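Right, one structure below, let's go through it.
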């Protein structure tokens, strides 16, 4: 038990101030630049299919807005008492542009400062943002699926309609899928890349 | 011995009777070859290869079928009212059927022409003719709605129409019956002196498709039957079949069948264009309606045009030439190259094929046999490429494939005859059931036929389907023409009475097919683009209801303050922006039809309440699980009552309140 803090301390002391390998530095800089795409592509998608909608309905979540068949989805969901989905119901769209901006800033800074602790900070920021986004999305989904209008035309005892967090779920006549879109994949890719870089730096320290 | 003889005689008699009976000719034979079913079977959920756009004849509509399945997809109202979707009943569509005679709710649609560019299908518009009250119509192949109807003045019936030029520069409208021009009150027996023919050249705007009559040719008085534009080498010319050159005005059956030869009239329309550009011709007074439907306002407007420019062909003899053609020609069809013109004398025992090149040489050499009313008549032999000998009885129409073959319908002998355009040799014949009129090869009238099938549109159905009393469905047959021999694949019933039809590859239509109208682009004067914009307004005796429909309610659905003597206009906007979610609307006792409103569209139903009470209205298109709930009430109070104008949705009041 008493070893752990000492190892941490050793990690910080020995490595934190070390410069990154040139390849790592370039990769970190490029990854931060790659995140700029988040302003131009959708981050997340919800797809739905029903017998009447073989071509499917989609809702795309962007950094500051929604797109796709949002009106149609709302029109269908009002029968079971779900709220009308509107951009204004998501305060996240107000601050996500700054949050992503901050992460890009940390990434670029990591490349400029060129120290390993900044790489760790950058990875931590991405992972925390990812976890935060999923928790936030889950909480919204819970509310959207459970907080139903008591005067809804269709009420089914014990039924709630929380959309899937990630993956596929059957909700009455709809099959719903939730998962990352291009922007989300880029974020995940950057996360994996940073994890790999940390591992690479860690190994190269040993040799 | 006697017994033996008797027995032998009896046996002989029986044998003879038996033999005679087996010699008795059998009825028409059918040869369905084994794999026919698999060639027309389109798997559930799969699409047909071709759209078949078929005239409805006396139903005044077009019908849309799939080929090779023969399945009916849509009846598309053009010249006739259609209570099924409110065409001609909604305030927006009523102007479409306006004419110089007022509102004419019916016509007889005979021929289809699909727009072409460089002689090939471009998938933009379908044109149709109104044979009775002379009109032409333009239908959008994006929305499958009638967008424009133009009345034709100086016409006694618009039959040789709406055939089009290679780049859809013009479509034509030739009068079927000659008449005294300008509504003159003259004795019928003064035909030769007073009756004239008229051919309208209608210019089609290449981007909007808008039609207007560029000029009319005034011709000698006889009947114009069918026509085709030249193409390729003969681009710039138009060919019309003429009958009743006898100029009979009674018992035409006999009196218009006297001459051995009538005419095919060749028109050099480029030349006519030159004269028009020089300001030649006379502007004549004429009254004709021009009706245009706007996708922008989802409404039609009707304008009464006042004049038309007329070129009398007897004054401009280098526009028109006559070519003798045997026995009352009907079809007058031009092959894909534009070189050959097939005349189908419906009473003749052979079919002449004329050569455009030879016609030009004959004109250059003035190789004429005389003139008719001052117009040169080219020598038959000088224009002739050759004759198809003994093709069958009653040749009517000819279509072409991509391999140099022609397919001619034979009304009397009830068959399709395949022959080679160059060699004039007959290659094959198949029976049709029965008495084929028009026929269609996909792309058959274009420079680039798609081939593959020929479809027969028959005049007699008889025993082909389960009988339905004296009035039967009409019938069509589909034949495979990909091989040397034509193969019967399918019988399918058709609506109305199909005359001409065209088939076009689905790939030219499907990608552009409109799914919804964008609500933001709806500029209807009475649109409500959301429930917040709904209202009820009184303008004197008129009550205008700005109503919206979305699954599954109408807004407003409670309306009070309507009084006897009012005229109520329900302006319904369908707020849906989703594919295939139309809403419908009907009011109890309304002397009107329903209206169907497509997503993003506004349509208006006029209602004149005729009694005091509370009148339900409802959505007529089963739109959703709660469609039966999609309804409302209009309260009608006595004239002079002081019930205030009031409207709401979802407002529940205390019982007993006023």
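I need the calculated FRET efficiency for the pair residue A:55 and residue A:168, taking r as the beta carbon distance and R₀ as 22 Å, to the nearest 0.05.
Values: r = 17 Å, r/R0 = 0.79.
After rounding to 0.05, the efficiency reads 0.80.
What percent antiparallel are the DSSP beta bridges of chain B, to the nearest 5?
On the way: 163 of 179 bridges.
If we restrict to bridges inside chain B, about 90 percent are antiparallel.
Could you list the square roots of 5 times each eigenvalue of the Cα gyration tensor of segment B:93-217, that is, the equivalent ellipsoid semi-axes, sorted largest first and rounded to whole Å?
27, 17, 11
Would you mind checking the tilt of helix A:92-113 against the longest principal axis of the Cα atoms of chain A, expressed as 0 to 90 degrees and rounded to 10?
Once rounded, one gets 20 degrees.
Taking the DSSP beta bridges in segment B:511-616 as the whole, what percent of them are antiparallel, to the nearest 5?
Numbers: 17 of 25 bridges.
Expressed as a percentage, antiparallel bridges in segment B:511-616 total about 70.
Could you identify which residue out of A:86, A:58, A:151 has the top mean-square fluctuation in a GNM of chain A using Cα springs shorter than 10 Å?
Checking each option, the largest mean-square fluctuation is seen for A:151.
Where a ≥ b ≥ c are the square roots of the eigenvalues of the C-alpha gyration tensor, would you call the protein assembly as shown rounded, which needs a/c under 1.5, or, failing that, prolate if a/b is larger than b/c, or oblate?
The shape class here is prolate.
Please label the shape of segment B:595-657 as rounded, prolate or oblate, based on the square roots a ≥ b ≥ c of the eigenvalues of the alpha-carbon gyration tensor (a/c under 1.5 means rounded; beyond that, a/b larger than b/c means prolate, else oblate).
Cα axes put segment B:595-657 in the oblate bin.
In peptide A:71-81, what is the residue-averaged number of other protein chain Cβ atoms found within 10 Å of each Cβ? Walk me through the intermediate numbers first.
Details: counts 6, 6, 1, 0, 9, 4, 0, 3, 5, 0, 0.
Going residue by residue through A:71-81 and averaging, the value is 3.
Just how far, in whole angstrom, is segment B:531-567 from segment B:52-99 if you go by their alpha carbon centroids?
Using only Cα atoms to place each centre, the spacing works out to 30 Å.
If the chain between residue B:143 and residue B:628 were fully stretched, how many nm would it gain, using 0.36 nm times the residue separation less the Cα-Cα distance?
The residue B:143-residue B:628 span can extend by a further 171.8 nm.
Give me the extension gain from residue B:205 to residue B:612: residue separation times 0.36 nm, minus the current Cα-Cα distance, reported in nm with one decimal.
Working it through step by step, the gained length comes to 141.4 nm.
Helix-derived [θ] at 222 nm for chain B: sum -39500 (n - 2.57) over DSSP H runs of at least 4, divide by residue count, nearest 500?
-2500 deg cm²/dmol
Efficiency by 1/(1 + (r/R0)^6): what FRET value for residue B:639 and residue B:525, r their Cβ-Cβ distance, R0 = 41 Å, to the nearest 0.05?
E(calc), rounded to 0.05, equals 0.90.
Mind pulling the angle between the C-alpha long axis of helix B:2-23 and the longest principal axis of chain B? Nearest 10 degrees, somewhere in 0 to 90.
It works out to around 60 degrees.
Taking every DSSP beta bridge that has both residues in the protein assembly as shown, what percent is antiparallel when rounded to the nearest 5?
Taking every DSSP beta bridge with both residues in the protein assembly as shown, the antiparallel ones total about 90 percent.
Could you state the angle between the C-alpha long axis of helix A:116-146 and the longest principal axis of the C-alpha atoms of chain A, as a value from 0 to 90 degrees rounded to the nearest 10?
Rounded to the nearest ten degrees, it is 10.
Throughout, read-outs are computed from the coordinates displayed, never taken from laboratory work. It should be emphasised that the depicted structure is a prediction, and the values quoted were computed from it without experimental measurement. Here the Cβ is made from the backbone with ideal geometry for all residues, glycine too, and neighbour counts use every protein chain on show.
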